[in-house]
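The values are calculated or read from the model by the stated rules, or taken from the named source; none is laboratory data. Bear in mind that the values here come from a model prediction, so they are computed numbers and not experimental data. Cβ coordinates were reconstructed from backbone atoms using ideal geometry, including for glycine residues, and neighbour counts include every protein chain displayed. Accessible surface is based on the protein model in full, side chains and every heavy atom, while ligands, DNA and RNA are left aside. Shrake-Rupley method; radii C 1.70, N 1.55, O 1.52, S 1.80 Å.
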Amino acid sequence: MALGTFVTSTMGIHSQAHALEQISANIANVNTVGYKKVETRFETQMTKFNEIGTDSHSFSAGTVDRRMVDIAGILSSTGSMYDLGISGKGFFVVEGQNETLYSRAGDFQATAVPPSGYKAQTVTYYKPTDGGVITQSSPATYFTNASGYYVMGWNYNNDAEAFSSAFEPVIISPMEYYPGHQTTEMSFKGNIDASATETQLLKFPVYDSQYNQHSMMMRWEPQDDANTWLVTIDVEGAAIGSEPIKVTFDENAKLTSPVPSTTLQLAWKNGGSSTISLDLQHFTQYANTLNGEVLSQDGKGFGTLVGTSWDENGVLNATYSNSTSIPVCKVAIAQVQVPNMMEAVSGNMFAYTENAGNLEIVDLQNTLTETTVQGGKIESSNVSLEEEFTNMIVTQRAYSSNVQTFTAANEMTQEAIDILG
């Protein structure tokens, strides 16, 4: 009986000491970004041992640690473009040292060192100069966590104007200049004064093959038929290779031709040519004030980089001085069925285990999910100091009780030995 008391109290001491270790680790990481606390649970253990001619059983407590990965920490603002937080389920995907891991810690940083196993990338952009446009490139900047693991996702291909299908380390360095685009499509809206007896003039911006802006003059000349106009177009710095356009309206002032569009051929005096599709369908003809504006066009001038920002889908967007915004990269989010079964590794990262269920790499931009990415924010530890200190008091008392039990059993045994002696 005395031996069972020694075994039970000893196992209790070890179990409570282990619980105190986990509580201590939680408190030490209260300010660690993305840290997930460990809760020590206790389970009954039965030990069988042999005495002289008898079998006895000793009941005691064993420990089971459970990391609370599914409990999110509070997202706090930092204002840094290098910080990301996840609102909802999921992990950032990071890769390094020939392994793929997952993390909620979004305190990332930039590096120019290309990732091992991947071809070094460059960012190419077109820069305007006095002599025209020159092509320049610079080494790409990558995204890593504090352990040097690279953040994974998809990079934007400016030539294809779409995200690449390759799953690779994301590049967070945008082009310094927006490359510009010559005008190939224009859509207009406005009103031509039906009561006018003289030529009406409208002026619009248009961009050449070198992305320089020019003025387009549109002359509306009334014809004998009150619903018919002859439109002549002149473009600054270009020779027009197209005939004037015949435009007609119906009795309701709605444009009837040309529908859906007409084509304008240009030969630029500084070299190059353009073919522009003109959509005039949104013009009306009322006896009212002349007005007109560009509803849309694909032409853009050069723009210098103004800033970058993250959206809720984990897309980094670059904004330029010409009011254009283009994507740079998109971070991936990994989701599992049972996050608490992920295996914790150093650096606030987790390794996938089969016990966590199915692993899915999610593109938030193309997936219906409540998970979002918050730029300029990081997830704090989910440790509550009040709760940990409460647990510490309870655990200390349990530890002391086991020590006292062991001491009492030892004194009883020593007294029995003395009597027998």
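Tabulated data
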{"quantity": "Looking only at region 232-243, and only at residues there that are touching a residue at least 24 places away in the same chain (Cβ under 8 Å) and part of a strand (DSSP E or B), the one that is surrounded by the fewest Cβ atoms within 10 Å (Cβ to Cβ)", "calculated": "Ala239"}
{"quantity": "Hits in region 315-335 (condition: part of a strand (DSSP E or B) and open to solvent by 20 Å² or more (accessible area, probe 1.4 Å))", "calculated": "Asn317, Thr319, Ser325, Ile326, Pro327, Gln335"}
{"quantity": "Residue in region 393-405 that is in a helix (DSSP H, G or I), closer than 24 Å to Ala17 by Cα, in contact (Cβ under 8 Å) with a residue 40 or more places away in the chain and under 37 Å from the mean Cα position of the chain (by Cα) present", "calculated": "no"}
{"quantity": "Failed criterion for Glu168 (all others in (1) touching a strand residue (DSSP E or B) at 6+ places or on another chain (Cβ under 8 Å); (2) charged (D, E, K, R); (3) surrounded by fewer than 16 Cβ atoms within 10 Å (Cβ to Cβ) hold)", "calculated": "(3)"}
{"quantity": "Among (1) farther than 30 Å from Met216 by Cα; (2) β-branched (Val, Ile, Thr); (3) outside any helix (DSSP H, G or I) - the single one Thr289 does not satisfy", "calculated": "(1)"}
{"quantity": "Residues of region 181-213 that turn out to be open to solvent by less than 10 Å² (accessible area, probe 1.4 Å) and assigned to a loop (DSSP other than H, G, I, E, B), as a count", "calculated": "2"}
{"quantity": "Residue in region 244-260 that is within 46 Å of the chain's Cα centre (by Cα), more than 21 Å from Gln223 (Cα to Cα), modelled with pLDDT under 95 and not in a strand (DSSP E or B) present", "calculated": "yes"}
{"quantity": "Region 35-73, residues that are open to solvent by 40 Å² or more (accessible area, probe 1.4 Å), at pLDDT below 70 and not aromatic (Phe, Trp, Tyr)", "calculated": "Gln45, Met46, Thr47, Lys48, Asn50, Glu51, Ile52, Gly53, Thr54, Asp55, His57"}
{"quantity": "Residue in region 302-312 that is in a loop (DSSP other than H, G, I, E, B) and open to solvent by less than 30 Å² (accessible area, probe 1.4 Å) present", "calculated": "no"}
